[in-house]
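Notes follow the structure.
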Amino acid sequence: MHEVALSQQLAGAVARAASGRRVLSVNLRIGALRQVVPESLAHAWTFTTSGTPLAGSALEVEWMDAVMTCACGFSGVISGEFSALCPECDAIGTIEQGNEFQLVSIDVDSADNS
Ligand SMILES: [Zn+2]
């Protein structure tokens, strides 16, 4: 359940960014290689923010595919069990995308956002 640890980390960052304003939604970008389970993250977020100023805020996640490029010319989405090996030639490829865990933006209650 590393989603709980991620949520706690995230809640800290969001609380700092919100600086006391009521948070309506949190926009995130999460890469496939993070192996985050959407339902688990949603539950963990509800649990983590319960009783805090972030309670009731929604998580909006942009899920990023894992993309690899390789010296052999391969460039594409890798799926399933993560491997650093190129599916075309078994050389070690370069991960271009998929490790993201980014807080993109937060939407705060406009009544408090002067
Ligand atoms: Zn290759």
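No lab work stands behind these numbers, since they all come straight from the coordinates. Just so we're clear, the structure is a prediction, and the values are computed from it rather than from any experiment. Here Cβ is always computed from backbone atoms with ideal geometry, including for glycine, and neighbour counts include all displayed protein chains.
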Just going by the charge dipole of the chain, with Lys and Arg at +1 and Asp and Glu at -1 on Cβ, which of PRO53, ILE106, ASN27 is farthest out on the positive end? PRO53
When all C-alpha to C-alpha distances in the chain are sorted into bins of 5 Å, what percent of pairs does each bin hold, rounded to whole numbers? 2, 12, 19, 19, 13, 10, 9, 7, 5, 3, 1, 0
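What percent does the relative contact order of the chain come to when contacts are Cα pairs within less than 8 Å and at least six residues apart? Please list the in-between numbers first.
Working: 195 pairs, mean separation 42.0, N = 114.
RCO, the chain: 37 percent.
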Long-range amide H contacts for ILE78: which residues qualify at under 5 Å (H placed 1.01 Å from N, peptide plane, sequence gap of 5 or more or a different chain)? ALA66, VAL67, MET68
From the helices alone, meaning DSSP H stretches of at least four residues, give me the mean residue ellipticity at 222 nm for the chain, per-run term -39500 (n - 2.57), in deg cm²/dmol to the nearest 500. -8500 deg cm²/dmol
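Once you mark the GluC sites (Glu not before Pro) that are in a DSSP loop and have at most 15 other Cβ atoms within 10 Å, what is the longest gap between them in the chain? If you can, show how the numbers build up before the last one.
On the way: sites that count: GLU81, GLU88.
After excluding every exposed loop site, the longest remaining stretch is 1-80.
Between GLU96 and ALA13, what length in nm is gained on full extension when 0.36 nm per residue of separation is reduced by their alpha carbon distance?
On the way: separation 83, 0.36 × 83 = 29.88 nm, distance 2.51 nm.
Net length gain for the segment: 27.4 nm.
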